[in-house]
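To start, the structure itself, in structure tokens.
The values are calculated or read from the model by the stated rules, or taken from the named source; none is laboratory data. Given the structure is predicted, the values throughout are model-derived calculations rather than measurements. Every residue, glycine among them, receives a Cβ derived from its backbone with ideal geometry; neighbour counts consider all protein chains shown. These area figures cover heavy atoms from the full protein model, side chains too; ligands, DNA and RNA do not enter into them. Shrake-Rupley method; radii C 1.70, N 1.55, O 1.52, S 1.80 Å.
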Amino acid sequence: MSRPGVLSARQAAILRVIQDWITEHGEAPTVREIGARVGLASAGSVAYQLGRLEARGLISRTGHRWRACRLCA
């Protein structure tokens with residue numbers, strides 16, 4: 001069980017991927033692009049981690065698609 005306020009290694013990696021991708025491409029990556037960079041084959045696993053990051057206030061999105069997410073911190 002993780003402590004509140006502490007990111008897992010996977011969550012930290014996902015945040016880095018989003019930040020790097022936005023810097024490189026000017027928009028957020030897709031769920032599949034994130035999964036490919038962090039080694040997750042399941043889009044559902046990536047979406048779950050993104051939901052956890054959103055619940056913690058570290059990312060936000062407009063609409064229902066994760067492609068429209070942005071970093072909050």
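With unit charges on the beta carbon (Lys/Arg positive, Asp/Glu negative), name the residue among Q11, G35, W21 whose Cα is farthest towards the positive pole of the charge dipole of region 1-42.
Q11
Leaving out ligands and nucleic acids, and using a 1.4 Å probe, what accessible area per residue does the chain come to in Å²?
Spelled out: the 1.4 Å probe surface of the chain, per residue, equals 65 Å².
What is the percent carbon and sulfur in the accessible area of the chain, measuring with a 1.4 Å probe over the protein chains and ignoring ligands?
Roughly 51 percent of what the probe reaches on the chain is carbon or sulfur.
Within a Cβ distance under 14 Å of G51, other residues only, what is the Lys/Arg minus Asp/Glu net charge?
+4
If I take every Cα pair under 8 Å that is 6 or more residues apart in the chain, average their sequence separation and divide by the length, what percent do I get for the relative contact order?
So the answer I get is 27 percent.
Please quote Rg/Rh for the chain to two decimal places, taking the Kirkwood radius as Rh and restricting both calculations to Cα atoms.
Value, to two decimals: 0.93.
Compute the distance in nm between two label points, each set 7 Å from the Cα along the Cα-to-Cβ direction, one at T23 and one at A43.
Result: 2.8 nm between the two label points.
What 222 nm value per residue comes from the helices of the chain, counting each DSSP H run with n ≥ 4 as -39,500 (n - 2.57) and dividing by all residues, nearest 500 deg cm²/dmol?
So the calculated ellipticity at 222 nm is -16500 deg cm²/dmol.
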